[in-house]
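K.L.:
Have a look at the structure that comes next, please.
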Amino acid sequence: MGKEIWFWQGIISPHMASFVSALVKLGFDVTYVAEQEMTSDRVSLGWVAPEMPGVRLCFMKNKQSVISLIRNASPHSVHICDGIRGNGLIAVAQQALARRGLMQWVLMETVNDQGYIGKIKRLEYRRLFFLKGRSLAGVLATGHKTRDWVIARGFHASKVFSFAYFLPDITITEVVRQRNSGTFRFIFVGRLIPLKRIDLLIRALQGLVDREFELLIVGSGPQEQKLQKLAEQCLPGRVTWMGGKPLSEVLAIVAQADCLVLPSYNDGWGAVISEALMVGTPVVCSDTCGAACAVKASGSGGIFPVDNVAGLRGMLAEQLDAAPISMDRRLQLAKWATALGAEAGAKYLDKILQHAMGEGDYPEPPWNTKMLLHNC
């Protein structure tokens, strides 16, 4: 198996950086090609272009620069492109890779196929897999429903592998600190936009105001004032608005919570779920969050039907019944969640590529070993 691997992405993603650097440690020669360093909307969320030790970084400036890069790639190189639809210069790359006959993979998240437009999307993706399927070695399907969704569009099941955003490995003792307050603490981290359904979280907690808890909101966005007014009506004195925080500070804040809640209408993965589990914080999320598979495997928190306020309220009540998470349980959960870290992800991708070359069995995702926790 060749050890030269290329990633073709729109930006330098903080959710990919540690993972690709971990591949270098495994002996891969890694090239990361991006269209731009970072988008303005991500900068507003506190994202910064990460360092990637040992990785060769290139930028796609135009069509000719893409073709030139691919021309110089080894004939044994492996190329992982962001999405099958081929937006922007990534489409140029996919076409040039197919012409050279290089091993090409697609990394994709769950497609939101709700409603009438969803029917059109399903037909379009079936068409895309029919047209491009022969040039693809496989699909890295990020999200707990994505693998089955891709297979349902006609792509061969043996070439579709459940995948994730594998985040920086954490030294848990450097992040977790015992806190003094015994009040149960829920936390939401993310953009304050309709897609995240923070309003659903507030209304769900409104039905539990006879219980003792507090809610931290970390993030900013266009819905901030509207949500603050709703919180004043439904949860007076219970919500702390922390605003946007740099990614470097978010982990320590999440590690001081008893339960992270992500009630999104749709999230391809939901990196904050992985971050929470990796610092030992249980998670409650909707069943349309890609990382719901990790929540289920963790044996902590829970998953509720999207947009179901009663279902979410029931999950939150269960967390309150379990009481604030103990340090022992937090450390146990964090130890299991190393399966979501960069090192585990790099080893998993290595196994996938070996299997694709006819070496080794079809690999299971590293998070598939269930965590046995009780009332955590």
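The values are calculated or read from the model by the stated rules, or taken from the named source; none is laboratory data. All figures in this text were calculated on a predicted structure; none of them were measured in a lab. Neighbour counts run over all protein chains shown; Cβ positions are idealised from the backbone, glycine included.
K.L.:
Scan the stretch 326-342 and tell me whether some residue there is farther than 30 Å from LYS159 by Cβ, in a loop (DSSP other than H, G, I, E, B) and in the same structural domain as ILE273 (by TED's automatic domain parsing).
P.N.:
Taking every residue of the stretch 326-342 in turn, at least one turns out to be farther than 30 Å from LYS159 by Cβ, in a loop (DSSP other than H, G, I, E, B) and in the same structural domain as ILE273 (by TED's automatic domain parsing).
K.L.:
Taking the condition in contact with a helix residue (DSSP H, G or I) (Cβ under 6 Å, 6 or more places away or on another chain) and of a type in the set (Ser, Thr, Tyr), does SER298 pass?
P.N.:
It is true that SER298 is in contact with a helix residue (DSSP H, G or I) (Cβ under 6 Å, 6 or more places away or on another chain) and of a type in the set (Ser, Thr, Tyr).
K.L.:
Among (1) touching a residue at least 40 places away in the same chain (Cβ under 8 Å); (2) over 16 Å from LEU320 (Cα atoms), where does GLY221 come up short?
P.N.:
With (1) touching a residue at least 40 places away in the same chain (Cβ under 8 Å); (2) over 16 Å from LEU320 (Cα atoms) applied to GLY221, the lone miss is (1).
K.L.:
Let me ask you something else. Of the residues ILE273, ILE187, only one is surrounded by 23 or more Cβ atoms within 10 Å (Cβ to Cβ) and part of a strand (DSSP E or B); which?
P.N.:
ILE187
K.L.:
Return yes or no: is ALA310 farther than 24 Å from ALA164 by Cβ, at pLDDT below 95 and either among the aliphatic types (A, V, I, L, M) or not assigned by TED's automatic domain parsing to the domain that holds LEU195 (or both)?
P.N.:
So ALA310 fails the test.
K.L.:
Could you list, in sequence order, the residues of the stretch 310-356 that are of a type in the set (S, T, N, Q) and touching a residue at least 60 places away in the same chain (Cβ under 8 Å)?
P.N.:
GLN319, THR338, GLN354
Residue-by-condition table, conditions (1) modelled with pLDDT under 95; (2) over 21 Å from ALA356 (Cβ atoms); (3) surrounded by 15 or more Cβ atoms within 10 Å (Cβ to Cβ):
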| position | (1), (2), (3) |
| --- | --- |
| THR110 | yes, yes, yes |
| LYS145 | yes, yes, yes |
| VAL150 | no, no, yes |
| PHE166 | no, no, yes |
| GLN178 | yes, yes, no |
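K.L.:
Follow-up question, since we're still on this one. Just checking, how many residues over the stretch 74-117 are of a type in the set (A, V, I, L, M), in a loop (DSSP other than H, G, I, E, B) and within 21 Å of SER13 (Cβ to Cβ)?
P.N.:
Of the residues in the stretch 74-117, 2 are of a type in the set (A, V, I, L, M), in a loop (DSSP other than H, G, I, E, B) and within 21 Å of SER13 (Cβ to Cβ).
K.L.:
Search the stretch 190-218 for residues being over 27 Å from LEU331 (Cα atoms) and free of Cβ contacts under 8 Å to residues at least 40 places away in the same chain, and hand back the single one that is surrounded by the fewest Cβ atoms within 10 Å (Cβ to Cβ).
P.N.:
Checked the stretch 190-218; the qualifying residue surrounded by the fewest Cβ atoms within 10 Å (Cβ to Cβ) is ASP210.
K.L.:
Among the numbered criteria (1) β-branched (Val, Ile, Thr); (2) out of contact with any strand residue (DSSP E or B) (no Cβ under 7 Å at 6 or more places or on another chain); (3) in contact (Cβ under 8 Å) with a residue 24 or more places away in the chain, which one does ILE90 miss?
P.N.:
(2)
K.L.:
Does the stretch 128-140 include one or more residues that are modelled with pLDDT under 95 and within 19 Å of TRP269 (Cβ to Cβ)?
P.N.:
no
K.L.:
Sticking with this structure for a sec: Which residue pairs have Cβ atoms closer than 8 Å, lie 6 or more positions apart in sequence or on different chains, and pair a first residue in the stretch 148-161 that is in the same structural domain as HIS355 (by TED's automatic domain parsing) and of a type outside the set (S, T, N, Q) with a second residue that is outside any loop (DSSP other than H, G, I, E, B) and loosely packed, with under 13 Cβ neighbours inside 10 Å?
P.N.:
ILE151/ALA157; GLY154/PHE130
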